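Laboratory data are not the source of any read-out in this text; all were calculated from the coordinates shown. Values in this document were obtained by computation on a predicted structure and should not be read as measured data. Methodologically, a virtual Cβ is constructed for each residue, glycine included, from the backbone with ideal geometry; neighbour enumeration extends over all protein chains shown.
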C-alpha cells in the first residue's frame with residue numbers, strides 16, 4: 001500500500017501544505033527547515049527562530065509549471081484545468097508561507113535569484129556538501145569523454161549523444177537509465193563513437209569519472225553535484241553556463257562553458273576545450289577547487305550562520 005503512495009506522490013501535492021501545517025513545533029526555540037517544496041511552511045511563533053535551507057521555491061508552481069504539466073500529460077482537458085487550479089493555489093500558499101521564515105539560505109546564486117524573484121526575500125548562499133572525498137584524484141586521463149545521469153529530458157543526455165555522433169573522431173561514454181533510455185540507445189547504436197552502458201554500479205561510474213578527459217554536463221541545475229564529483233577526480237567539466245554550474249565550474253580554469261543547449265554549442269565547446277586544454281588548471285588544482293564544497297566546509301559555514309542568527313535573536317544555547 002505504501003508503495004502506491006510513493007509512486008503517486010505528486011498526486012498528493014495539493015494536500016502537502018495542509019499536512020506540513022499540522023506539525024506542532026511550539027516546544028522548540030530554533031526550527032531549521034530543509035525545503036524544496038513545503039517544509040518551510042511549518043507554523044512558528046514570533047518567539048521562535050526559523051531558518052530555511054532552501055533548495056528551491058516549489059518548481060511545479062513557479063517557473064517549471066509548464067514542464068511539469070507537459071511531463072505529467074496534463075496540458076489539455078478537465079484534468080489539466082484542475083491541475084492548473086491547484087498549482088495556482090499552491091503558488092499563493094508558497095508565497096504566503098515564505099513569511100514564516102526568518103532567514104533563507106540558498107544553495108547557489110541561481111536559487112538566491114529564484115528566492116528573490118518568487119518571495120522578494122534576500123538569502124545567504126551556503127553551498128550544499130558534496131562527498132568529494134569519495135572521488136579520488138586521477139592525474140592520468142584516457143582518450144574519452146564521459147557523462148552520467150538519470151535519463152530524463154532536462155538532463156539533455158540525448159542532446160550530448162547527438163553532438164558526439166556528429167564528432168566521430170571523439171569517443172563518448174554514457175552511464176544512466178530513465179525514460180529517455182531508448183532515445184539514447186538509438187543514437188548510440190547508429191554511432192561508432194558513442195558507447196551507452198546503461199545503469200552501472202557506483203564503482204564503474206566512479207572509474208569512468210576518474211579516467212575521462214572531461215565530463216560533459218548539459219543540464220540547467222539548481223546546483224549540480226555530479227560536476228563537483230568529476231572535479232574531485234581532477235576531471236575538467238564542459239558545462240552549460242547557466243544555473244548552478246556558474247557556482248561550481250570555473251570557466252577556462254576547471255572547465256569550459258557553453259551557453260546554448262544545442263549540438264552546435266556543445267561541439268564548439270569540445271573544440272575549445274581541446275584547443276585550450278593546456279590553459280586549464282592541472283588535475284590536482286581542479287581537485288583543490290572541488291574540496292571547497294566538502295562536507296567539512298559545509299558544516300563550518302552552516303554552524304557559523306546558525307550561531308550568528310541565534311545570537312541576534314537572543315537565544316542562549318550554543319550551536320557551535
Residues 75, 254, sorted so that the one with the fewest Cβ neighbours within 10 Å comes first: 75, 254
For labels at residue 137 and residue 89 in the simple 7 Å Cα→Cβ model, what's the distance in nm? 5.6 nm
For the chain, built as a Gaussian network whose Cα springs stay under 10 Å, the top-fluctuating residue of 18, 258, 240: 18
Could you work out the relative contact order of the chain, using alpha carbon pairs under 8 angstrom and six or more residues apart, expressed as a whole percent? 15 percent
Part-to-part distance (alpha-carbon centres) for region 192-232 and region 243-320, which is given in Å: 17 Å
Can you tell me the relative contact order of region 132-292? Whole percent, Cα pairs under 8 Å, sequence separation 6 or more. 25 percent
How far, in nm, would the chain grow between residue 301 and residue 259 when pulled straight, counting 0.36 nm per residue and subtracting the alpha carbon separation? 12.0 nm
Taking only the alpha carbons of region 117-205, the radius of gyration and the largest Cα-Cα distance, Dmax, both in angstrom, are 16.8, 51
Counting other C-beta atoms within 10 Å, which of 80, 97 has the fewest, and how do the rest follow? 80, 97
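Quick one: 221, 113, fewest Cβ neighbours within 10 Å first, how do they rank?
So the ranking, lowest neighbour count to highest, is 113, 221.
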Would you compute, from DSSP H runs of 4+ residues alone, the mean residue ellipticity of the chain at 222 nm, taking -39500 (n - 2.57) per run and dividing by the full residue count, rounded to the nearest 500? -12000 deg cm²/dmol
For the chain, what ratio Rg/Rh do Cα atoms give with a Kirkwood hydrodynamic radius? 1.01
Given the alpha-carbon gyration tensor of region 132-292, what are the semi-axes of its equivalent ellipsoid in whole angstrom, ordered largest first, with each equal to the square root of 5 times an eigenvalue? 22, 17, 15
State the Cα centre-to-centre distance between region 11-53 and region 117-184 in whole Å. 33 Å
Among 27, 234, 198, determine the one that fluctuates most according to a GNM of the chain built with springs between C-alpha atoms less than 10 Å apart. 27
